[in-house]
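Working notes for the structure below.
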Amino acid sequence: MKVKSGFILRKIGSKYMAVPVGERTRDVHGMVALNETGAFIWQLLEEDRTGEEVIEKILEEYDVDRETAAGALARFKAKLAEEGVLGE
């Protein structure tokens, strides 16, 4: 799984924004707001990774159990799919 190309991730204050650039602006209208955890996962998904690889990285970075990490990833993937920014 991977986020589509054509985005720049920027930190604005305490929030992160995934901003479409170039031709991607035709497909995505506006920015995708992310919190710190969302930005962490976004950066992992800039490279093609399996769900299990992402969960392992979440477990390394945050003090959570596997169920919590898997749930966070599932919710994040759903948000990205809704926004139209999750690739194959």
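Accessible surface for the chain, divided over its residues, is 63 Å² per residue with a 1.4 Å probe. The string of couplings for region 55-65 from the Karplus curve (6.51, -1.76, 1.60, θ = phi - 60°) is 4, 4, 5, 4, 4, 5, 8, 10, 8, 9, 8 Hz, one whole number per residue in order, with x for Gly and Pro.
Note on the chain: lysine pairs with Cα distance below 16 Å, sequence gap of 8 or more or different chains, count 6.
Give the relative contact order (percent, whole number) for the chain; include only Cα pairs under 8 Å separated by 6+ residues. Please list the in-between numbers first.
On the way: 103 pairs, mean separation 29.8, N = 88.
Once divided by the residue count of the chain, the mean separation gives 34 percent.
On the principal axes of its alpha carbon atoms, the chain extends 38, 31, 19 Å, with the longest extent given first. Between the residues ILE55, VAL21, PHE40, the greatest Cα displacement towards the positive end of the dipole of region 7-82, with unit charges on the Cβ of Lys, Arg, Asp and Glu, is found for VAL21. About the centre of its Cα atoms, the chain shows a dipole size close to 500 debye [charges on the beta carbon of Lys, Arg (+1) and Asp, Glu (-1) only; nearest 20 debye]. Separation of region 1-41 and region 43-66, taken as the distance between their Cα centroids, equals 18 angstrom. Using the Cβ-Cβ distance between ARG75 and ARG26 with R0 set to 30 Å, the FRET efficiency from 1/(1 + (r/R0)^6) comes to roughly 0.65. In the assembled protein chains, THR37 presents an accessible area of approximately 50 Å² (probe radius 1.4 Å).
The values are calculated or read from the model by the stated rules, or taken from the named source; none is laboratory data. A quick note: this is a predicted structure, and the numbers were derived from the prediction, not measured. Ideal geometry is used to build each Cβ from the backbone, glycine not excepted, and the neighbour counts take in all protein chains shown. Keep in mind that these areas ignore ligands, DNA and RNA; they rest on the heavy atoms of the full protein, side chains included. Shrake-Rupley method; radii C 1.70, N 1.55, O 1.52, S 1.80 Å.
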